[in-house]
Amino acid sequence: MNESTFSLAHIWAQGDGVSHAVAVMLVIMSLASWSVILIKAWQLFALRRMSGGAKAFWHATSFEAGMAALTPHAADNPFHDLAHRGTEAVSHHTSHRDELHGVLGLNDWLTSTLRQSIDDTTGRLQAGLSILASVGSTAPFIGLFGTVWGIYHALVGIGAAGQATLDQVAGPVGESLVMTAGGLAVAIPAVLGYNALVRGNKEILARLKHFAHDLHAYLVTGGRVRKTSANLHPLPARKEA
């Protein structure tokens, strides 16, 4: 017995279809989780940069200049989308008072529009996180299945030979240990990445809601509301029917 007996190539060569399927599944799950982690991490990095434009918005001398500060990457800038939808909501409400939504006050109509924009952004931020959650919760059990299958091979080999030798059991046991390690190697980054992305999403949504609150106050009253301890919600609470 030499070192090549415990190499990954040797373990793969002596495995059967089930062990190969488990290994391929773990590789696919790892690639999927890392793709989501990298893409979503870059998205959060870009959104943090965009939030700087939200601060510059309130230092502008006019609303048009403020919108210009939000213009970079406007297509996927949730702060620009909030400001754009807010102004459109005010304009639409003013010019379409004869329609059914005209019975709503401007405050309620604008609140609904801004909430919809925030909900759309929330959906985009959460897209893909279910993949990480699924990988993190299932990969250890898939690896465990591969472990059980490898031990089963070892027992079959012992039973066929009538005696246990290291040469007979080293390969199957090594295969089972690799499957266990593979399941953990896939699951741990997925869980850590999920937690980090959820925390980053909450930070972005908090900034977005604060911006929406100030924007709502500006569009309704023409002035920015000063933050107070009593003002706990970034947008006015929904009115119960």
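The values are calculated or read from the model by the stated rules, or taken from the named source; none is laboratory data. Predicted, not measured: the structure shown is a model, and the values here were computed from it. Every residue, glycine among them, receives a Cβ derived from its backbone with ideal geometry; neighbour counts consider all protein chains shown. The accessibility values were calculated without ligands, DNA or RNA, using every heavy atom of the protein model including side chains. Shrake-Rupley method; radii C 1.70, N 1.55, O 1.52, S 1.80 Å.
Looking across segment 181-222 at every residue that is β-branched (V, I, T) and at pLDDT below 85, the one that is surrounded by the fewest Cβ atoms within 10 Å (Cβ to Cβ) is identified as T221. Looking across segment 115-133, the residues that are open to solvent by less than 50 Å² (accessible area, probe 1.4 Å) and farther than 18 Å from D76 by Cβ come down to L132, A133. A single entry from K55, K40 fulfils the requirement of being part of a helix (DSSP H, G or I) and at pLDDT below 80: K55.
For segment 141-168, give me each residue that is in contact with a helix residue (DSSP H, G or I) (Cβ under 7 Å, 6 or more places away or on another chain) and either within 30 Å of A187 (Cβ to Cβ) or at pLDDT 85 or above (or both). The answer is I142, G143, L144, F145, G146, T147, W149, G150, I151, H153, A154, G157. Being closer than 18 Å to P78 by Cβ, of a type in the set (F, W, Y), open to solvent by 50 Å² or more (accessible area, probe 1.4 Å) and in contact (Cβ under 8 Å) with a residue 24 or more places away in the chain holds for only one residue in W58, W42, W34, and it is W58.
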